[in-house]
Amino acid sequence: METKGTVEAENKGSGLCLYFKGSWTIGSTFPSFTEIKALFPDSIDSLCFDTEELQDWDSRFLIILSNIKEHASLNTVLFVADGLPSGVQRLLTLASASPGKAPFKSEDRSQSFLETVGSKTSHLIVDSSEILAFTGSITLSYFRLFSGKAQFLKSDFFYFLEECGPAALPIVSLIAVLVGVILAFVGAVQLQLFGAEIYVANLVGLGMTREMGAMMAAIIMAGRTGAAFAAQLGTMQVNEEIDALQTMGIDPTDFLVLPRLSALLLMMPLLALWADLLGIGGGFLIAWSTLDISMVEYYNQTIGSVTLKHFGVGLFKAIIFGYLVAFSGCLRGMQCGRSASAVGTAATSAVVTAIVMIVVSDAIMTVIFNILGI
C-alpha cells in the first residue's frame, strides 16, 4: 500500500506555519521542496512547524527541512524548530554545525624570473646538503660494517643480490644484444664507404666495453631496481616502519640501505661484463649476416683491439654507476613523504636522479681517462 505525505501552510500574522502529515520516508510520495516553497507568501518574518499528524520520517524528510532552513536563512526568515520531533531538531543542529567547504580558489602560480631562480637555487642547496648528509651516513655505516657492528639481515643481502643480479639478466641481455646490433649497423653504413667493414668489430668491441655496456646496464637498473628501492623505502616511511626501527635503536641506514647498496655494487660489474659480451655477440650477428665477416675474423679483430685496460675502464664505470643507482633510490626513498602519491614521486625522482648522475659522471670520467691516456 502506497503511503503519502502532505503539507499544509497557514499564515499566522507575519509568520507561516507548515503542517506536515502522513509518512515522509523514501518509500512514500510527498511534495518536493519546490512545491513547498510555492506555499510561502511574498513576505514573512518567521517559520514554524506542526508535526502532530506526522507518522514516519527519515533522511528524505531531513533533506526537505534542510532546504527549507537554508531558504529561510537566505531570506532572513526566523526558523522556529520547536514543533519538529526532537530527533529531527538534533540532526538539523548537527548538520548546520558542520563547516561548509570553502570555495576552491586556484592559486596564482606565476612567478617572476628572479623568484624562480631563487626558488630553484634554494631547493638545489637543500638537496645538496641532504645528499652530503646521506653520503656521510653511508660512510659511517660502512665503517660499522667493517668493524662488525652494522645491524642488518644477511637474508636481506642475499635476496637483493638475487634481485640485482640473476633476476635482471633477461632485460639486460636483451638490451645489450640490441645495442650491439645498433652499433654494428651504424658502423657498417659508414665503414662500407671506405671498404673497411672489418673494423666493425673494433667499433662494437670498444664501444661496448668502455661505454655502452656499463651505461646501458646502469640505466636499466635505474629504472628497474633504483625505482624499486625508492618505492620500498617510501612505503616503509608511509607505514612508519623506519620510525619503528629508530625507536628500537636500529640505524635505518645499516638495516635498509647497506644491504641494497652493497648488493648492487657487487652485481653491477658482473652485469656490465655480461652486457659487454652479449653486445659484442650482437655486433657479430650483423657483421656475419650483412658484411660476410667470419667468426674467426671478427674474433681476431676484437681481441686485437679490446684489451684488459678497456674492460677495466668499463668495470670501473659500472661500479660507480651501481653506487649512483642504489644511492639515488635509497636517498629518495628515505626522503619520501607520508602519502601514496609521495611514494610515486619518490620512485620517479629516483630514476631521474640516477640517470642524470650516470650521464654526468660518465662524461667526467671519459674526459679524465682521455687526459690520463687510459
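The values are calculated or read from the model by the stated rules, or taken from the named source; none is laboratory data. What you see is a predicted model; the values in this text were computed from it and never measured. Here the Cβ is made from the backbone with ideal geometry for all residues, glycine too, and neighbour counts use every protein chain on show.
The number of residues in region 240-260 that are surrounded by 13 or more Cβ atoms within 10 Å (Cβ to Cβ) and either touching a Phe, Trp or Tyr at 6+ places or on another chain (Cβ under 7 Å) or aliphatic (A, V, I, L, M) (or both) comes to 10. Report, by residue number, each residue of region 204-239 that is free of Cβ contacts under 8 Å to residues at least 40 places away in the same chain and either in contact with a Ser or Thr (Cβ under 9 Å, 6 or more places away or on another chain) or under 19 Å from Leu264 (Cα atoms) (or both). Once the filter is applied, which keeps residues that are free of Cβ contacts under 8 Å to residues at least 40 places away in the same chain and either in contact with a Ser or Thr (Cβ under 9 Å, 6 or more places away or on another chain) or under 19 Å from Leu264 (Cα atoms) (or both), region 204-239 yields nothing.
Every residue, every condition in (1) out of contact with any Pro (no Cβ under 9 Å at 6 or more places or on another chain); (2) surrounded by fewer than 23 Cβ atoms within 10 Å (Cβ to Cβ); (3) not assigned by TED's automatic domain parsing to the domain that holds Ala167, yes or no:
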position	(1), (2), (3)
Gln190	yes, yes, no
Ala201	yes, no, no
Ala214	no, no, no
Ile220	yes, yes, no
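When residues in region 42-62 are screened for being over 15 Å from Leu16 (Cα atoms), in contact (Cβ under 8 Å) with a residue 12 or more places away in the chain and assigned to a loop (DSSP other than H, G, I, E, B), 2 of them pass.
So that you can scan it fast, the table gives a plain yes or no per residue for (1) touching an Asp or Glu at 6+ places or on another chain (Cβ under 8 Å); (2) part of a helix (DSSP H, G or I); (3) more than 21 Å from Met365 (Cβ to Cβ):
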position: Leu169; (1), (2), (3): no, yes, yes
position: Ala176; (1), (2), (3): yes, yes, no
position: Ala188; (1), (2), (3): yes, yes, yes
position: Leu193; (1), (2), (3): no, yes, yes
position: Leu203; (1), (2), (3): no, yes, no
position: Leu206; (1), (2), (3): no, yes, no
position: Arg210; (1), (2), (3): no, yes, no
position: Met215; (1), (2), (3): yes, yes, no
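Which of the residues that make up region 252-301 are under 21 Å from Gly223 (Cβ atoms) and either outside the structural domain of Ala168 (by TED's automatic domain parsing) or aromatic (Phe, Trp, Tyr) (or both)? The answer is Trp274, and nothing else.
Across region 63-117, the qualifying residues are those that are in a helix (DSSP H, G or I) and of a type in the set (S, T, N, Q), and the one among them that is modelled with the lowest pLDDT is Ser96.
No other residue among Arg332, Arg338 is within 19 Å of Ala218 (Cα to Cα) and either under 13 Å from the mean Cα position of the chain (by Cα) or part of a helix (DSSP H, G or I) (or both) apart from Arg332.
Residues checked against (1) over 24 Å from Ser341 (Cα atoms); (2) over 29 Å from the mean Cα position of the chain (by Cα); (3) not in a helix (DSSP H, G or I):
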position: Ala231; (1), (2), (3): no, no, no
position: Met268; (1), (2), (3): yes, no, no
position: Leu271; (1), (2), (3): yes, no, no
position: Ile286; (1), (2), (3): yes, yes, no
position: Thr302; (1), (2), (3): yes, yes, no
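For region 5-41, a tally of residues being farther than 19 Å from Thr76 by Cα, part of a loop (DSSP other than H, G, I, E, B) and of a type in the set (Ser, Thr, Tyr) returns 3.
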